[in-house]
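Quick note: the coordinates plus some simple rules give every number you see, no bench work behind them. It should be emphasised that the depicted structure is a prediction, and the values quoted were computed from it without experimental measurement. We place every Cβ from the backbone using ideal geometry, glycine too, and count neighbours over all the protein chains shown.
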Amino acid sequence: MNKRNLLLLGFAAVVAAQLAVPAWMIIEREWTLREGRVFKFKTRPVDPADAFRGRYVWLGLEPGVIRVPDVNQWHYEQKAFAVLGTNADGFVTVERLEHEAPAGQAALPVHVGWPDMKKGEVHINWTGLDRYYMAEQKAPAAEEAYRAHSRRTNQNCYVTVRIRGTCALVENLYIENKPIQDWLREHKGK
Amino acid sequence: MNNKSIQWLYSELPRLVAQGVLTPAADASLRAHYGPVEPARPARLAMIIFGVLGALLIGAGIILVLAHNWEDLSRPVRAGLSFLPLVLAQGLAAWTLFNRPQSLAWREGAGALLFLMIGASISLVAQTYNISGDLPGFLLTWALLGLPVVYLLGTVVPALLYLWGITEWACHVRWEDGFAAGYWPLAALLLPLLALWLRAGRYQVRPTLLLWGLCVSVTVAAGVTIERVLPGLWIMLYAGLFALLFLAGEFWFAEAEGFWARPLRHFGAAGVLVLAFMLTFEWPWKEIGWHYWYWERFHQPAWHAIPDAVLGSLIPIAAIVLLGMTVRRKTPLGLIFGLAPILAVLGYALASLSGKYAPSAGLFDLYLLVAGLWLLVTGIRINKQGQMNVGLLALTALIVARFFDTDLSFLLRGLVFIALGIAFLVANIVMLRRKGTSHEQA
C-alpha cells in the first residue's frame, strides 16, 4: 500500500470515529425517547450562560434529600443509584439509594452531595438532569417563570424525564401543567 | 550554529576578505561548510498566523451561532445539523491533506478548525437532547478525537488545543475529587510528535511552541494530579520540576537565541524564582510532613497515591541527576537554579522533623538573595540587561516581602523603597550607556 492510500485509510478511520461519537449520542437518546418510560419530577428553582451550549434553564429536581438507614456509608461526590418509585400524584419518589444499579427496577445514577449524619439523610444531585435548553431570547423569561412557579409555596413546576436502563433525558419542562413553550406563548407581554 | 549566526557570519565575510583577514579560499570553504542560509520568510509566517487566527475565529463563530439554539427547527433537523460543522471541517482537512500537504498555513488552519468543530458537534447534540453534566467526559472525548488530527496534519495549533483539553480535563476531574493521573499518559501521546519535530530541527517554530505549551500544561498538571495526602509534597515536586525544565533547556537547547526561542530555560528559571520567593514565607512550611498525613480525607483506594510517590520522587531525582551533569560542565547559572530541589528537600526535612518553620524559610531567603545577586552581578558583567533586571527584581521582591514581616517605621520602609527604585533606574541607565558606547565603538 503506498503512502497516499495509507494516509487516506487513516484519515477515513479518524473521520469515522469523529462522526461516530455524536451519532451514538443521538441514537442512544432517540432510542430512550422512543422506548423509555416517562417519569414526572417536581422541580426546585438561575440562567447561567454556557459559552458552548447556548442558554438553558437550570433545573433542581426533587427529591433532593433522601432518608437512608446507612448514612455513614455515603460520602461527598460518591456515585449512587436512586431507585425510583411514584407517589399518589404521579411524581417521582426515591425508594432507596444503592451502590450498584438494581436489576429490573427503574434507577438513575446520582451523585451524593453531602450526608447529614445527624438526620440520617443524604443530599443528592441528579447528575446530567440539571439543564433545559431554550432559545437565547427565551431563556431568561423561561427562567423567571420557572423561578416564580417553583418556589416552595407555589410548586407547580415539573419536568418529564424519559428513562431507559440508566440512560435518562429531560423531555420537557412544564409550568402549570403546560409545556414551557406554550406557557410562554400564552403569557407573552403579561 | 543557528541561522541567525550564520547570516551574521556571511555578512562579515566580504569585509574580512577585503581587509585581508581571510583569503578568498577560506571564505569559500566557510560558505561550503555552513551551507546556504534559508532566509526568513515573514510573508509565509504571516499567512500561517492569519490562517490559524481566521480558522479559530470562524470556529468560535460557528460555535456561538449554533449555541443560539434555533428552537423552531425540529429535533431531527437539529440533530442532523449538528454534524454540519464537523463534516465541513473534515472536508477542508481532507482537501488540505491531499492537495496542499506542503502548506503549513493550510494545515494549521484546517487542523485548528477541525479540532474546534469536533467540540462544537458534540455540544450541539448535547444541547438538542438536554444532556448536561460530565464536563470532564466531554473534554476527554473531544481531546482524544482531536489527537489524530495533530498527527495526520503534523500541526502545532491542534497539539496545543489537545494540551489545553487534557489539562482542563485533569483540573475538572480533580475538582470533582477524582483521579487525574491519567493526564500523564495522555500528555505522553504527544511525545512521538515532539521527538519527530526536534529531530528535524530543534529550534524551529513548531517544537518551540509545543514546548511552551508543555511547560504551562505540566506545571498545572503537576499540582492537580497529586492526591495531597502528604502535605507539602508540592514543594519538592515543583522545585524539582522547574529545575529540571531549566537544566534541560541549558543542556539541549543552549544555542537558541532570544527569549521566546528558549521555553524550557526561561520557564524553568521563572518557576524556580517564583517558587523560591513563595518559600521565603513561613506558610508553605506549616504543618507538613508525615505527622500531618491526610489519610482520612482520602476516600479513594490506596493505589491512587502511587502517582504522588512516583512524581514526588522521580522529578526531583531527575533534576538532581541533571545537576550532577551540570557540575561537570561548570556552568554557574545551572548550578544555582539546579540547587533548588536539593534545598527544597532539605527545607522539607527541617520543617517536618523539627516542626519549626523559620529555618526552612530562612534557607530560601538566603537562596533568593544569592541567586538574585548572582544574576544581577553576572548580568552587568556580561552586558545582559534582561538577566540583570531579573536579579534586581528577585532582590526587590525579597526585600519588600521581608519588610512587611517586620515592624519597621513607614519612613524607613519608604526610604528603602526609594533606594531600590533608584538602584533599578541607575543600573538600567548605566547598562544602556555602556551598550551605546560599545555600538559606537563597533
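Results, tabulated for the structure shown:
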item: Packing rank of B:106-119, B:84-97, where each peptide gets the mean count of other beta carbons within 10 Å, highest leading; result: B:106-119, B:84-97
item: Greater than 28 Å apart at Cα, pairs in A:LYS42/A:LYS119; A:LYS79/B:LYS286; B:LYS330/B:LYS384; A:LYS79/A:LYS119; A:LYS79/A:LYS118; result: A:LYS79/B:LYS286
item: Average partner coverage of A:21-33, which counts Cβ from other chains inside 10 Å; result: 5
item: Most positive-pole-ward Cα, B:THR326, B:SER5, B:GLY154, against dipole of chain B from beta carbon charges; result: B:SER5
item: Ellipticity estimate at 222 nm from DSSP helix runs (n ≥ 4, -39,500 (n - 2.57)) divided over chain B, nearest 500; result: -25500 deg cm²/dmol
item: Sequence-separation-based contact order of region B:226-442, relative, with Cα cut under 8 Å and 6+ spacing, percent; result: 24 percent
item: Peptides A:74-86, A:5-17 ordered by average Cβ neighbours within 10 Å, highest first; result: A:74-86, A:5-17
